[in-house]
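Below you'll find the structure, written out as structure tokens, and then a few comments.
Derivation of every value follows stated rules applied to the coordinates shown; laboratory data play no part. Please read these numbers as outputs of a predicted model, since none were measured by experiment. Note: ideal-geometry Cβ built from the backbone for every residue, glycine included; neighbour counts use all protein chains shown.
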Amino acid sequence: MALPRFNRILLKVSGEALMGQGQFGIDPAAVASLAEEIAQAKGEGHELCLVVGGGNIFRGMAAAAKGFDRATADYMGMLATVMNALALQNALEKAGIDTRVLSAIPMSSVSEPYIRRRALRHLEKGRIVLFAAGTGNPYFTTDTAAALRAAEMGCDALFKGTSVDGIYTADPKKVASAERYDKLTFSRVLSDDLKVMDAAAVALCRDNNIPIVVFNIRQPGNLAKVIAGGGTATIVQNGE
């Protein structure tokens, strides 16, 4: 299914995409490969901003389930996303792309504070903006942060890079007969609890009419292909 052209895009990448074949942490080769994918998409003339998760370093919800105070665990997870954003910034700038990291938790020694008008100005100047530290508040996921920033930046779509090529009726890694959807409505995703993103993120995109495109970011060249309207992906949007 051909996708429409989206000019300003927010890309949501999980922390696991930075692990490579490891089980934890940041693999420089994986980060460099991801940066090349993003640089290729940028070269096609799109305005790009990113939200990176922190699950490769620390998961707030998992820690809370083991006895951590939930708010404290979430703040720790936010700090993990800053580390990932800095790693990706480093790789992107090595690839010749001008970037800025804006953190929802102020830490002026390593990033700029998140200010909406400043972020918009960076995008207008052709820079890739990496949003770090989630929303700056506990109890919100980086999925929700991605939907929020996509709305604030006036993005045409939110692209979610995963390890599968779209949304399926069941986990295709566990159920061989699972079928992939080409397109879905926000209402269907919420009513069927399809676990694309958390419900708050899906509802925020629905209310602001921001399509969600789910695709496999681990396949070489796929990001640029999907952003250009080709490749294999599932699009979630309003209407049929």
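State whether the range 173-240 is rounded, prolate or oblate according to the following rule on the C-alpha gyration tensor (a ≥ b ≥ c being the square roots of its eigenvalues): a/c under 1.5 gives rounded; otherwise a/b larger than b/c gives prolate, and the remaining case gives oblate.
oblate
Rounded to the nearest angstrom and listed largest first, the equivalent-ellipsoid semi-axes of the range 71-126 from its Cα gyration tensor are 21, 15, 8. Under a Gaussian network description of the chain, with springs only between Cα atoms under 10 Å, the residue in I115, I128, I167 that fluctuates furthest is I115.
Annotation for the range 157-240: trypsin sites (Lys or Arg not before Pro) lying in DSSP loop with at most 13 further Cβ atoms inside 10 Å of their Cβ are K173, K174, K195. Around the Cα centre of the range 8-237, unit charges on the Cβ atoms of Lys, Arg, Asp and Glu (plus for the first two, minus for the last two) sum to a dipole of about 220 debye. Build a GNM of the chain with springs between Cα atoms under 10 Å apart, and of V213, V51, V175 the one that fluctuates most is V175. Global dimensions of the range 112-232 from alpha-carbon coordinates: Rg and Dmax equal 15.4, 47 Å.
Choose one answer from G60, G22, G221: the residue with the largest mean-square fluctuation in a GNM of the chain with alpha-carbon springs under 10 Å. Result: G22 has the largest fluctuation of those listed. Within the chain, the ratio Rg/Rh, alpha carbon atoms throughout and Rh by Kirkwood, equals 0.94. Distance from the alpha carbon centroid of the range 193-222 to that of the range 41-74 works out to 15 angstrom. So which of K94/K225; K66/K94; K94/K173; K94/K183 end up more than 32 Å apart, counting from Cα to Cα? From K94/K225; K66/K94; K94/K173; K94/K183, over 32 Å: K66/K94; K94/K173; K94/K183.
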